[in-house]
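Taking it in order: structure first as C-alpha coordinates, then the write-up.
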Ligand code: SF4
Ligand code: SF4
(Lines give C-alpha, C1' and ligand atoms only; values in the text may rest on other atoms or scores of the structure.)
(Ligands and ions follow the chains in the order given, each with its own letter.)
Protein backbone atom coordinates (compact mmCIF):
# COMPACT_ATOMS: atom_id res chain seq x y z
CA UNK A 1 0.00 0.00 0.00
CA UNK A 2 1.27 3.45 -0.93
CA UNK A 3 1.11 6.22 1.68
CA UNK A 4 3.22 8.82 3.48
CA UNK A 5 5.28 7.40 6.32
CA UNK A 6 8.88 6.98 7.42
CA UNK A 7 11.31 4.07 7.53
CA UNK A 8 12.27 4.86 11.11
CA UNK A 9 8.72 4.82 12.46
CA UNK A 10 8.27 1.35 10.94
CA UNK A 11 11.75 -0.17 11.17
CA UNK A 12 13.80 2.10 13.45
CA UNK A 13 14.86 1.84 17.08
CA UNK A 14 16.86 4.40 19.01
CA UNK A 15 18.33 3.77 22.45
CA UNK A 16 18.33 6.88 24.64
CA UNK A 17 19.67 6.98 28.16
CA UNK A 18 16.32 6.32 29.81
CA UNK A 19 13.98 5.82 26.87
CA UNK A 20 13.47 3.64 23.86
CA UNK A 21 12.26 5.67 20.88
CA UNK A 22 11.95 5.41 17.09
CA UNK A 23 14.51 7.98 16.04
CA UNK A 24 16.53 11.02 17.03
CA UNK A 25 15.27 13.31 14.24
CA UNK A 26 11.89 14.36 15.60
CA UNK A 27 11.25 18.11 15.21
CA UNK A 28 8.99 17.80 18.25
CA UNK A 29 12.05 16.66 20.20
CA UNK A 30 14.63 18.91 18.60
CA UNK A 31 12.70 22.15 18.12
CA UNK A 32 9.77 22.09 20.51
CA UNK A 33 11.52 20.54 23.52
CA UNK A 34 9.02 17.66 23.46
CA UNK A 35 9.62 14.00 22.76
CA UNK A 36 10.27 11.82 19.73
CA UNK A 37 7.97 8.83 18.99
CA UNK A 38 8.29 6.79 22.20
CA UNK A 39 8.36 2.99 22.30
CA UNK A 40 9.08 2.73 26.02
CA UNK A 41 9.27 5.75 28.34
CA UNK A 42 11.27 4.15 31.17
CA UNK A 43 13.89 2.02 29.54
CA UNK A 44 17.15 0.83 31.10
CA UNK A 45 18.42 -2.00 28.91
CA UNK A 46 15.65 -4.56 29.38
CA UNK A 47 15.25 -7.21 26.66
CA UNK A 48 12.62 -6.13 24.16
CA UNK A 49 9.43 -8.09 23.67
CA UNK A 50 8.62 -8.44 19.98
CA UNK A 51 4.82 -8.23 20.38
CA UNK A 52 5.09 -5.11 22.52
CA UNK A 53 7.50 -3.46 20.08
CA UNK A 54 5.51 -4.02 16.92
CA UNK A 55 2.19 -3.15 18.63
CA UNK A 56 3.68 0.24 19.52
CA UNK A 57 5.09 0.68 16.02
CA UNK A 58 1.70 -0.17 14.51
CA UNK A 59 -0.03 2.48 16.65
CA UNK A 60 2.21 5.19 15.21
CA UNK A 61 2.17 3.85 11.68
CA UNK A 62 -1.65 3.55 11.66
CA UNK A 63 -1.80 7.33 12.09
CA UNK A 64 0.27 7.67 8.89
CA UNK A 65 -1.84 5.05 7.11
CA UNK A 66 -4.98 7.00 7.95
CA UNK A 67 -3.53 9.95 6.07
CA UNK A 68 -2.55 11.88 9.19
CA UNK A 69 0.76 12.37 11.00
CA UNK A 70 1.74 11.67 14.63
CA UNK A 71 2.53 14.97 16.39
CA UNK A 72 6.04 13.67 17.11
CA UNK A 73 6.68 13.47 13.35
CA UNK A 74 5.06 16.72 12.17
CA UNK A 75 7.23 18.58 9.65
CA UNK A 76 9.91 15.89 9.67
CA UNK A 77 12.09 15.82 6.55
CA UNK A 78 12.27 12.02 6.69
CA UNK A 79 8.62 11.51 5.71
CA UNK A 80 8.19 10.12 2.20
CA UNK A 81 5.42 8.64 0.10
CA UNK A 82 6.00 5.11 -1.21
CA UNK A 83 4.95 1.46 -0.99
CA UNK A 84 5.89 0.28 2.53
CA UNK A 85 6.97 -3.14 3.69
CA UNK A 86 5.15 -3.56 6.99
CA UNK A 87 6.84 -6.82 7.98
CA UNK A 88 8.08 -7.01 11.53
CA UNK A 89 11.78 -6.20 11.46
CA UNK A 90 14.14 -3.40 12.45
CA UNK A 91 16.71 -2.22 9.89
CA UNK A 92 18.09 0.88 11.59
CA UNK A 93 19.33 1.06 15.17
CA UNK A 94 20.72 4.18 16.83
CA UNK A 95 22.76 3.82 20.00
CA UNK A 96 22.93 7.09 21.89
CA UNK A 97 22.60 6.13 25.55
CA UNK A 98 26.14 7.10 26.61
CA UNK A 99 27.64 10.58 26.64
CA UNK A 100 31.22 10.50 27.97
CA UNK A 101 33.72 12.17 25.68
CA UNK A 102 37.40 13.12 25.55
CA UNK A 103 36.57 16.48 23.92
CA UNK A 104 34.28 19.27 25.08
CA UNK A 105 32.91 20.90 21.95
CA UNK A 106 31.19 24.25 22.37
CA UNK A 107 28.27 22.99 20.28
CA UNK A 108 27.84 19.63 22.00
CA UNK A 109 24.23 18.86 22.83
CA UNK A 110 25.42 17.06 25.96
CA UNK A 111 26.34 20.45 27.46
CA UNK A 112 22.86 21.10 28.74
CA UNK A 113 21.43 17.62 29.12
CA UNK A 114 20.20 17.10 32.64
CA UNK A 115 22.26 13.92 32.83
CA UNK A 116 25.98 14.15 33.44
CA UNK A 117 28.25 12.81 30.72
CA UNK A 118 28.50 9.13 31.43
CA UNK A 119 29.53 5.75 30.14
CA UNK A 120 27.80 4.06 33.07
CA UNK A 121 24.62 3.44 31.17
CA UNK A 122 23.06 0.04 30.57
CA UNK A 123 24.80 -2.59 28.42
CA UNK A 124 23.50 -2.62 24.88
CA UNK A 125 25.10 -5.85 23.61
CA UNK A 126 22.73 -8.27 25.41
CA UNK A 127 19.78 -6.32 23.99
CA UNK A 128 21.14 -6.39 20.43
CA UNK A 129 22.06 -10.08 20.68
CA UNK A 130 18.53 -10.80 21.83
CA UNK A 131 17.02 -8.82 18.94
CA UNK A 132 19.22 -10.91 16.64
CA UNK A 133 18.04 -14.17 18.25
CA UNK A 134 14.41 -13.08 17.78
CA UNK A 135 15.18 -12.32 14.11
CA UNK A 136 14.04 -8.74 14.67
CA UNK A 137 17.39 -7.50 13.35
CA UNK A 138 18.92 -9.26 10.38
CA UNK A 139 22.05 -9.32 8.26
CA UNK A 140 22.61 -5.84 6.80
CA UNK A 141 21.01 -3.90 9.67
CA UNK A 142 22.42 -0.40 10.09
CA UNK A 143 23.90 0.53 13.44
CA UNK A 144 24.19 4.29 13.94
CA UNK A 145 26.23 5.43 16.89
CA UNK A 146 25.39 8.70 18.65
CA UNK A 147 25.86 9.89 22.22
CA UNK A 148 29.41 10.66 23.34
CA UNK A 149 32.71 9.44 21.91
CA UNK A 150 32.32 5.86 20.74
CA UNK A 151 36.02 4.89 20.88
CA UNK A 152 36.03 5.40 24.68
CA UNK A 153 32.64 3.73 25.22
CA UNK A 154 32.93 0.51 27.25
CA UNK A 155 31.31 -1.78 24.63
CA UNK A 156 33.03 -0.22 21.60
CA UNK A 157 35.40 -3.09 20.74
CA UNK A 158 32.76 -5.78 21.34
CA UNK A 159 30.21 -3.96 19.19
CA UNK A 160 32.71 -3.60 16.36
CA UNK A 161 33.70 -7.27 16.67
CA UNK A 162 30.20 -8.70 16.82
CA UNK A 163 28.48 -6.41 14.38
CA UNK A 164 30.97 -4.82 11.98
CA UNK A 165 33.87 -7.29 11.73
CA UNK A 166 31.46 -10.24 11.65
CA UNK A 167 29.81 -8.61 8.63
CA UNK A 168 26.35 -8.71 10.27
CA UNK A 169 25.81 -4.96 10.31
CA UNK A 170 27.08 -1.77 8.76
CA UNK A 171 28.18 0.50 11.59
CA UNK A 172 28.15 4.30 11.20
CA UNK A 173 30.35 6.05 13.73
CA UNK A 174 30.75 9.74 14.41
CA UNK A 175 34.13 10.02 16.14
CA UNK A 176 36.36 12.94 17.06
CA UNK A 177 39.36 10.70 16.22
CA UNK A 178 41.32 11.84 19.28
CA UNK A 179 41.68 8.17 20.23
CA UNK A 180 42.68 5.78 17.46
CA UNK A 181 40.87 2.43 17.42
CA UNK A 182 42.61 -0.35 15.55
CA UNK A 183 39.40 -2.39 15.46
CA UNK A 184 37.54 0.50 13.92
CA UNK A 185 40.25 0.79 11.28
CA UNK A 186 39.90 -2.94 10.50
CA UNK A 187 36.15 -2.44 10.01
CA UNK A 188 36.80 0.57 7.75
CA UNK A 189 39.13 -1.52 5.61
CA UNK A 190 36.49 -4.26 5.49
CA UNK A 191 33.93 -1.63 4.53
CA UNK A 192 31.55 -2.66 7.32
CA UNK A 193 31.98 0.64 9.14
CA UNK A 194 32.08 4.27 8.10
CA UNK A 195 33.23 7.21 10.17
CA UNK A 196 32.36 10.90 10.21
CA UNK A 197 34.94 13.12 11.86
CA UNK A 198 33.94 16.68 12.70
CA UNK A 199 37.21 18.54 12.27
CA UNK A 200 35.38 21.88 11.87
CA UNK A 201 38.63 23.77 11.42
CA UNK A 202 41.68 24.10 9.25
CA UNK A 203 43.99 25.24 12.03
CA UNK A 204 45.04 24.15 15.49
CA UNK A 205 43.92 27.48 16.99
CA UNK A 206 40.34 27.33 15.71
CA UNK A 207 40.10 23.61 16.50
CA UNK A 208 41.04 24.28 20.13
CA UNK A 209 38.48 27.07 20.38
CA UNK A 210 35.75 24.71 19.22
CA UNK A 211 36.73 21.45 20.89
CA UNK A 212 38.26 22.83 24.09
CA UNK A 213 41.13 20.42 23.67
CA UNK A 214 44.47 20.91 21.93
CA UNK A 215 44.30 17.81 19.74
CA UNK A 216 44.32 19.03 16.13
CA UNK A 217 47.69 17.39 15.33
CA UNK A 218 46.70 14.12 17.03
CA UNK A 219 43.45 14.00 15.04
CA UNK A 220 45.21 14.71 11.74
CA UNK A 221 47.68 11.93 12.51
CA UNK A 222 44.89 9.46 13.40
CA UNK A 223 42.95 10.41 10.28
CA UNK A 224 46.03 9.53 8.25
CA UNK A 225 46.05 6.08 9.89
CA UNK A 226 42.31 5.58 9.38
CA UNK A 227 42.63 6.56 5.72
CA UNK A 228 45.30 3.94 4.94
CA UNK A 229 44.32 0.78 3.10
CA UNK A 230 40.73 1.80 2.31
CA UNK A 231 39.02 0.58 -0.83
CA UNK A 232 35.84 2.69 -0.62
CA UNK A 233 36.46 6.44 -0.88
CA UNK A 234 33.36 7.39 1.11
CA UNK A 235 34.28 5.36 4.20
CA UNK A 236 35.67 8.47 5.91
CA UNK A 237 33.81 11.76 5.84
CA UNK A 238 35.31 14.93 7.16
CA UNK A 239 32.73 17.29 8.56
CA UNK A 240 32.66 21.04 8.88
CA UNK A 241 30.00 22.31 11.25
CA UNK A 242 29.59 26.02 10.70
CA UNK A 243 29.63 27.78 14.04
CA UNK A 244 28.60 31.43 13.79
CA UNK A 245 31.34 33.82 14.99
CA UNK A 246 33.92 31.00 15.26
CA UNK A 247 34.59 29.36 11.89
CA UNK A 248 32.06 30.98 9.54
CA UNK A 249 34.75 32.28 7.22
CA UNK A 250 36.06 31.16 3.89
CA UNK A 251 39.77 31.18 4.86
CA UNK A 252 39.26 28.62 7.62
CA UNK A 253 37.18 26.39 5.36
CA UNK A 254 39.76 26.59 2.61
CA UNK A 255 42.50 25.42 5.01
CA UNK A 256 40.19 22.61 6.12
CA UNK A 257 39.84 21.47 2.50
CA UNK A 258 43.61 21.53 2.04
CA UNK A 259 44.01 19.17 5.03
CA UNK A 260 41.36 16.85 3.61
CA UNK A 261 43.21 16.77 0.31
CA UNK A 262 46.55 16.00 2.01
CA UNK A 263 44.94 13.16 3.96
CA UNK A 264 43.46 11.73 0.78
CA UNK A 265 39.93 12.04 2.15
CA UNK A 266 37.32 12.13 -0.57
CA UNK A 267 34.13 13.16 1.17
CA UNK A 268 33.26 16.42 2.89
CA UNK A 269 30.11 17.08 4.87
CA UNK A 270 28.87 20.57 5.63
CA UNK A 271 26.42 21.33 8.40
CA UNK A 272 25.29 24.22 10.56
CA UNK A 273 25.45 24.25 14.34
CA UNK A 274 22.23 22.70 15.64
CA UNK A 275 21.75 25.41 18.24
CA UNK A 276 21.76 28.14 15.60
CA UNK A 277 19.31 26.18 13.44
CA UNK A 278 17.03 25.47 16.35
CA UNK A 279 17.04 29.03 17.67
CA UNK A 280 15.65 30.04 14.28
CA UNK A 281 13.22 27.12 14.10
CA UNK A 282 15.28 25.77 11.19
CA UNK A 283 14.62 28.92 9.23
CA UNK A 284 18.22 30.03 8.85
CA UNK A 285 19.43 33.34 7.46
CA UNK A 286 19.94 33.61 3.68
CA UNK A 287 23.33 35.08 4.57
CA UNK A 288 24.41 31.68 5.86
CA UNK A 289 22.68 29.84 3.02
CA UNK A 290 24.83 31.80 0.59
CA UNK A 291 27.94 30.96 2.60
CA UNK A 292 27.07 27.24 2.57
CA UNK A 293 26.48 27.37 -1.19
CA UNK A 294 29.83 29.07 -1.68
CA UNK A 295 31.87 26.55 0.33
CA UNK A 296 29.90 23.64 -1.11
CA UNK A 297 30.77 24.77 -4.63
CA UNK A 298 34.40 25.21 -3.63
CA UNK A 299 34.65 21.64 -2.29
CA UNK A 300 32.98 20.27 -5.44
CA UNK A 301 35.42 22.29 -7.54
CA UNK A 302 38.34 20.79 -5.64
CA UNK A 303 37.02 17.30 -6.43
CA UNK A 304 35.35 16.27 -3.13
CA UNK A 305 32.14 14.31 -2.83
CA UNK A 306 30.11 16.90 -0.96
CA UNK A 307 26.99 16.61 1.14
CA UNK A 308 25.03 18.92 3.41
CA UNK A 309 23.84 17.36 6.63
CA UNK A 310 20.89 17.25 8.94
CA UNK A 311 20.68 20.63 10.68
CA UNK A 312 21.21 22.40 7.40
CA UNK A 313 19.09 19.98 5.37
CA UNK A 314 16.23 20.25 7.83
CA UNK A 315 16.00 23.99 7.27
CA UNK A 316 12.83 24.88 5.46
CA UNK A 317 14.36 27.67 3.39
CA UNK A 318 17.76 26.34 2.42
CA UNK A 319 17.62 27.18 -1.24
CA UNK A 320 19.05 30.33 -2.72
CA UNK A 321 16.62 33.19 -3.12
CA UNK A 322 16.63 35.76 -5.89
CA UNK A 323 19.06 38.56 -5.13
CA UNK A 324 17.41 41.41 -3.30
CA UNK A 325 19.72 44.04 -1.81
CA UNK A 326 17.32 45.16 0.98
CA UNK A 327 16.67 41.58 1.98
CA UNK A 328 20.39 40.79 1.89
CA UNK A 329 21.21 43.69 4.22
CA UNK A 330 18.39 42.70 6.58
CA UNK A 331 19.48 39.07 6.72
CA UNK A 332 23.12 40.04 7.23
CA UNK A 333 22.15 42.25 10.22
CA UNK A 334 19.89 39.55 11.62
CA UNK A 335 22.69 37.03 11.29
CA UNK A 336 25.17 39.28 13.10
CA UNK A 337 22.73 40.05 15.95
CA UNK A 338 21.90 36.40 16.43
CA UNK A 339 25.54 35.42 16.22
CA UNK A 340 26.26 37.64 19.23
CA UNK A 341 23.58 35.90 21.24
CA UNK A 342 24.92 32.49 20.25
CA UNK A 343 28.47 33.53 21.00
CA UNK A 344 27.35 34.15 24.58
CA UNK A 345 26.09 30.56 24.75
CA UNK A 346 29.42 29.32 23.42
CA UNK A 347 31.56 31.34 25.80
CA UNK A 348 29.40 30.43 28.80
CA UNK A 349 29.36 26.82 27.59
CA UNK A 350 25.61 26.38 27.57
CA UNK A 351 23.59 24.49 25.06
CA UNK A 352 20.69 26.90 25.24
CA UNK A 353 17.77 24.61 24.42
CA UNK A 354 15.87 23.12 27.35
CA UNK A 355 13.95 19.87 27.27
CA UNK A 356 10.49 20.08 28.82
CA UNK A 357 9.78 17.07 31.05
S1 SF4 B 1 9.02 10.88 10.59
FE2 SF4 B 1 10.81 11.84 11.53
S3 SF4 B 1 10.23 11.97 13.66
FE4 SF4 B 1 8.89 10.47 12.77
S5 SF4 B 1 9.93 8.53 13.07
FE6 SF4 B 1 10.52 9.28 11.07
S7 SF4 B 1 12.43 10.34 11.43
FE8 SF4 B 1 11.42 10.12 13.40
S1 SF4 C 1 33.14 15.09 20.08
FE2 SF4 C 1 30.93 14.84 19.93
S3 SF4 C 1 30.30 14.02 21.91
FE4 SF4 C 1 32.36 14.84 22.16
S5 SF4 C 1 32.06 16.90 22.94
FE6 SF4 C 1 32.25 17.00 20.70
S7 SF4 C 1 30.13 16.92 19.94
FE8 SF4 C 1 30.11 16.23 22.07
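Below, the figures for the structure above:
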{"read-out": "Test set (1) modelled with pLDDT under 95; (2) within 16 Å of ligand 2 (Cβ to nearest atom) - residue 75 fails condition number", "value": "(2)"}
{"read-out": "Where a residue in the stretch 182-200 is within 10 Å of residue 160 (Cα to Cα) and touching a residue at least 24 places away in the same chain (Cβ under 8 Å) and its partner, wherever it lies, is within 16 Å of ligand 2 (Cβ to nearest atom) and in a loop (DSSP other than H, G, I, E, B), with Cβ under 8 Å and at least six apart", "value": "184/175"}
{"read-out": "Hits in the stretch 256-278 - residues which are at pLDDT 95 or above and over 17 Å from residue 303 (Cβ atoms)", "value": "none"}
{"read-out": "Answer residue from the stretch 188-211, given it is part of a loop (DSSP other than H, G, I, E, B) and more than 13 Å from ligand 2 (Cβ to nearest atom) and is nearest to residue 292 (Cα to Cα) among those", "value": "202"}
{"read-out": "Residue, surrounded by the fewest Cβ atoms within 10 Å (Cβ to Cβ), within the stretch 12-53, restricted to residues that are part of a helix (DSSP H, G or I) and out of contact with any strand residue (DSSP E or B) (no Cβ under 7 Å at 6 or more places or on another chain)", "value": "51"}
{"read-out": "Neighbours by Cβ (under 7 Å, 6+ apart or cross-chain): first from the stretch 102-116, within 13 Å of residue 210 (Cα to Cα); second modelled with pLDDT under 85 and within 16 Å of ligand 1 (Cβ to nearest atom)", "value": "107/274"}
{"read-out": "Residues satisfying the stated conditions in the stretch 16-38, i.e. away from ligand 2 (no atom under 16 Å from the Cβ) and within 25 Å of residue 132 (Cα to Cα)", "value": "18, 19, 20, 21, 22, 23, 25, 36, 37, 38"}
{"read-out": "Where residue 279 falls short, out of the listed (1) in contact with a strand residue (DSSP E or B) (Cβ under 8 Å, 6 or more places away or on another chain); (2) in contact (Cβ under 8 Å) with a residue 60 or more places away in the chain; (3) farther than 17 Å from residue 196 by Cβ", "value": "(1)"}
{"read-out": "Some residue of the stretch 79-97 being under 30 Å from residue 283 (Cβ atoms) and assigned to a loop (DSSP other than H, G, I, E, B)", "value": "yes"}
{"read-out": "Unmet criterion (only one of (1) surrounded by 18 or more Cβ atoms within 10 Å (Cβ to Cβ); (2) modelled with pLDDT of 95 or more) for residue 87", "value": "(1)"}
{"read-out": "Scope the stretch 1-15; condition out of contact with any helix residue (DSSP H, G or I) (no Cβ under 7 Å at 6 or more places or on another chain) and within 13 Å of ligand 1 (Cβ to nearest atom); matching residues", "value": "7, 8, 11, 12, 13, 14"}
{"read-out": "Conditions (1) at pLDDT 95 or above; (2) under 26 Å from residue 129 (Cα atoms); (3) more than 8 Å from ligand 1 (Cβ to nearest atom); (4) surrounded by 18 or more Cβ atoms within 10 Å (Cβ to Cβ): number failed by residue 64", "value": "(2)"}
{"read-out": "Residue in the stretch 63-72 that is more than 16 Å from ligand 2 (Cβ to nearest atom), in contact (Cβ under 8 Å) with a residue 12 or more places away in the chain and closer than 29 Å to residue 168 by Cβ present", "value": "no"}
{"read-out": "Residue list for the stretch 67-77, filter: more than 9 Å from ligand 1 (Cβ to nearest atom) and outside any loop (DSSP other than H, G, I, E, B)", "value": "71"}
{"read-out": "Where residue 87 falls short, out of the listed (1) away from ligand 2 (no atom under 16 Å from the Cβ); (2) out of contact with any strand residue (DSSP E or B) (no Cβ under 9 Å at 6 or more places or on another chain); (3) touching a residue at least 40 places away in the same chain (Cβ under 8 Å)", "value": "(3)"}
{"read-out": "Number of the condition not met by residue 204 [criteria: (1) free of Cβ contacts under 8 Å to residues at least 60 places away in the same chain; (2) within 16 Å of ligand 1 (Cβ to nearest atom)]", "value": "(2)"}
{"read-out": "Residues of the stretch 90-107 satisfying the condition of being within 16 Å of ligand 2 (Cβ to nearest atom) and touching a helix residue (DSSP H, G or I) at 6+ places or on another chain (Cβ under 9 Å)", "value": "94, 95, 98, 99, 100, 101, 102, 103, 104, 105, 106, 107"}
{"read-out": "Residues being surrounded by fewer than 14 Cβ atoms within 10 Å (Cβ to Cβ) and modelled with pLDDT under 95 - total across the stretch 117-144", "value": "1"}
{"read-out": "Given (1) more than 16 Å from ligand 1 (Cβ to nearest atom); (2) without any contact (Cβ under 8 Å) to a residue 60 or more places away in the chain, number of the condition residue 144 does not satisfy", "value": "(1)"}
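The values are calculated or read from the model by the stated rules, or taken from the named source; none is laboratory data. Treat the numbers as computed from the prediction; the structure is a model and nothing was measured. Don't worry about glycine lacking a Cβ; one is built from the backbone with ideal geometry, like all the others, and counts go over all protein chains shown.
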